[in-house]
Amino acid sequence: MANGRYNRGAFLLGQGRVTASAAYRLMLVSTGYTFSLDGNLVDDGTTSDPLSYEISVGGYSRGSLAGVALTEDDANDFAYFDATDQTFAALAAGATIGGAVLYIFSTSGGTTSDTGQELLSFYDVTDPPTNGGDVVIAW
């Protein structure tokens, strides 16, 4: 797999909802997850959504991104999203990580349910197994 931006992520960017002050969460998914541009929600009620493939090992919980910065670089003709590297510490053995899913965490409508959390992007990793050590997602 490769890194990718969900269509919903582009839509949210166009609406101005991708900002340095938004609340972002990162979840780890197993190698069974297949990235699709058409993904919209962490939990869309199907077995192909990220929630269906979220890893479940001791020590794991979703990460909250800190130090978010959005930068436009006209000299090199690109823009990027940066954040403090996310460390998932001391993940117990039992899973192989296939990627990290970034989404905007929202309490809009009074819910924090995964059915209301909109997807931004997918980051492919080199399929590290959990083994009691740390896993770092570097931005």
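Just a few scattered comments:
- Residue-count net charge about Gly16 - beta-carbon cut-off 15 Å; Lys, Arg +1, Asp, Glu -1: 0
- Sequence-separation-based contact order of region 1-138, relative, with Cα cut under 8 Å and 6+ spacing, percent: 33
- Set the Cα radius of gyration of region 1-63 against 2.2 N^0.38 Å, with N its number of residues, and you get 1.21.
- Comparing Gln86, Gln117, Gln15 in a Gaussian network model of the chain where C-alpha atoms under 10 Å apart are linked, the largest mean-square fluctuation is found at Gln15.
- Value at 222 nm in deg cm²/dmol, rounded to 500, when DSSP H runs of n ≥ 4 in the chain each add -39,500 (n - 2.57): -1500 deg cm²/dmol
- Intensity falloff of the chain expressed as log10 I(q)/I(0), Debye formula with alpha-carbon point scatterers, at q = 0.10, 0.13, 0.20, 0.22 Å⁻¹: -0.32, -0.55, -1.29, -1.50
- For the chain, the dipole from Cβ point charges (+1 on Lys and Arg, -1 on Asp and Glu) about the Cα centre works out to 320 debye, to the nearest 20.
The numbers here are math on the coordinates, done by the rules we state, and not lab data. For clarity, every value in this text was computed on a predicted model and none was experimentally measured. Every residue, glycine among them, receives a Cβ derived from its backbone with ideal geometry; neighbour counts consider all protein chains shown.
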